Amino acid sequence: MLSNAQKTRLGADFAVFKMFPNFWTPVLPVSEVGRVPVAVELAGESIVLYRSPVDEFAAFLDRCPHRGAPLSRGQVLEDGCLQCPYHGWQFASDGACTHVPFNALNSDQRSKLSVVSFPTRVIAGMLWIFTGTENALEPQLPPSLLEPNDRYIIHHEIWNAHWTRAIDISLDYLHIPFVHRNSFGSEFHDPAHQDAIAQISVTATANGMAVTNQLNTLPDGIEIDWHQPNQVVLKLDLGGMPLRPHLFAIPINSQQMRFMQVVLPNPGIDRSNFDFDEFFAASLDDRIMAESQIGEIPNTNEGCNVPTDEPSLRFRRWYYRTVKHKRIEAIQWRSDRHLY
Ligand code: FES
Ligand SMILES: [Fe+2]
């Protein structure tokens, strides 16, 4: 939460993560965040992440409140504070300024010098951030993300696509025969399925939806769950695969995202008996399709839709109401200020 001093300093119109505000999202595997500060871009903001010597994690705006130097070029000290590279101000993991060299400041004065910080959690082997400064409720998680951190196998890569494109394709059963026609989608081209009809049923859940997908010519299908805002869970293990992938589309900016695959293998499955790299590589087909689409997903009144688009339509409706609505308001309000 911003302090009163920060509100005064940053202005009443200060807002962060405007393209993705007030959500919990993973940022990186926790194994990639150590004592050397890491700079990442998340939803259009430059963020610094680091781990203290006692394994506490911190996430700040990567901008020192003094002269705006990137704190990611600073150092993590033995006491877990991050020291700015420019004039050596020090910040604790909650963003509080703890030391200003060569100035005799009392704690009240220092309390006005804190850096903007964000809540963090370590869940399922990933470092998560809350993309806001007010009222972070605890993240809503599927039970399959509550196992010990070392059970998860994680792969991530940057896609040149808007994050909504990756959620849209991940929710979409009927891209498989075409986008993945040269791999696991080939079975759909068996003549037995030539006149198949897809049965796709959507059930609203507390924070998203559960979608069952099946061709009427196949004995079973798969369940795909969406968890707001940016997570899709493929319940492949219900269909006999030995793992459950969780797919995250993490916004970097309006043109890029990080696609993070977080796999929970069934007991007894590990790298010695399963080719995880081959599994992760299957998403290359999805990446090529997502990167071929310009900008964010269209609103529900754009383009043509058919009954099997229901999962996509529900996600798009949510996105335009919940995320875009806020952004549109913010842009209008800012331009008013600019005019006057
Ligand atoms: S810019 Fe960070 S201490 Fe001066
Ligand atoms: Fe796919």
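The values are calculated or read from the model by the stated rules, or taken from the named source; none is laboratory data. Predicted model, so just to flag it, every value in this text is computed and none were measured. Neighbour counts are summed over all protein chains in view; Cβ atoms, including those assigned to glycine, are modelled from backbone coordinates with ideal geometry. With ligands, DNA and RNA removed, areas are computed over all heavy atoms of the protein, side chains included. Shrake-Rupley method; radii C 1.70, N 1.55, O 1.52, S 1.80 Å.
Rolling a 1.4 angstrom probe over region 153-324 with all protein chains present gives an accessible area of which 51% lies on carbon and sulfur atoms.
If you take the square roots of the eigenvalues of the alpha-carbon gyration tensor of region 4-139 and sort them as a ≥ b ≥ c, do you get rounded (a/c under 1.5), prolate (a/b over b/c) or oblate? Here region 4-139 falls in the oblate category. Here's the list of aspartates and glutamates a cross-link from residue 112 could span, going by alpha-carbon distance under 14 Å and ignoring same-chain residues fewer than 8 apart: 94. 3J(HN,Hα) couplings calculated from phi for region 209-223 with the Karplus curve 6.51 cos²θ - 1.76 cosθ + 1.60 (θ = phi - 60°) are, in sequence order, 7, 10, 10, 9, 10, 7, 7, 6, 9, 10, x, 8, x, 9, 9 Hz; Gly and Pro show x.
Proximity of backbone amide H atoms, modeled 1.01 Å from N, is registered between residue 123 and 128 at under 5 Å, excluding neighbours fewer than 5 places apart on the same chain.
The mean accessible area for residues of region 153-324, using a 1.4 Å probe and ignoring ligands and nucleic acids, is 47 Å² per residue.
For the chain, modelled as a GNM whose springs connect Cα atoms under 10 angstrom apart, the maximal fluctuation among 135, 103, 305 occurs at 103.
Applying the criteria of a DSSP loop state and at most 15 other Cβ atoms within 10 Å to the chymotrypsin sites (Phe, Trp or Tyr not before Pro) of region 81-136 yields 86, 102. Between the amide H of residue 208 and those of 228, distances stay under 5 Å, these residues lying 5 or more places away or on another chain, with hydrogens modeled in the peptide plane. Annotation note: trypsin sites (Lys or Arg not before Pro) in region 43-89 located in DSSP loop regions with a Cβ neighbour count of at most 12 within 10 Å are 67.
Scalar couplings 3J(HN,Hα) for region 168-173, obtained by applying the Karplus form with A = 6.51, B = -1.76, C = 1.60 to θ = phi - 60°, are 4, 6, 5, 7, 9, 5 Hz; x denotes Gly and Pro. Bridgeable aspartates and glutamates around residue 235 (alpha carbons under 13 Å apart, same-chain partners fewer than 8 residues away excluded): 220, 223, 225.
Applied to region 93-109, the Karplus parametrisation 6.51 cos²θ - 1.76 cosθ + 1.60 on θ = phi - 60° returns per-residue 3J(HN,Hα) values of 5, 8, x, 5, 6, 10, 7, 10, x, 6, 10, 8, 9, 8, 5, 5, 5 Hz, with x for Gly and Pro.
Close amide-amide hydrogen proximity is noted between residue 28 and 127, each under 5 Å apart and 5 or more residues distant or on a separate chain (H modeled in the peptide plane; Pro and chain starts excluded).
If you put +1 on each Lys and Arg Cβ and -1 on each Asp and Glu Cβ, how big is the dipole of the chain around its Cα centre, in Debye rounded to 20?
Numbers: 28 positive and 38 negative charges, 324 e Å.
Here the chain has a charge dipole of around 1560 debye.
Please work out the average accessible area per residue across region 4-139, using the 1.4 Å probe convention, and give it in Å². Each step should come with its number before you reach the end.
Values: 6180 Å² over 136 residues.
Accessible area per residue, region 4-139: 45 Å².
Reducing region 21-93 and region 204-244 to their Cα centroids gives an inter-centroid distance of 36 Å.
Please return the longest stretch of the chain lacking exposed loop sites, where GluC sites (Glu not before Pro) count only if DSSP places them in a loop and at most 10 other Cβ atoms lie within 10 Å.
The reported range is 135-301.
Taking the Cβ-Cβ separation of residue 201 and residue 304 as r and a Förster radius of 30 Å, what is the calculated FRET efficiency to the nearest 0.05?
Working: r = 21 Å, r/R0 = 0.72.
That pair, residue 201 with residue 304, gives E of 0.90.
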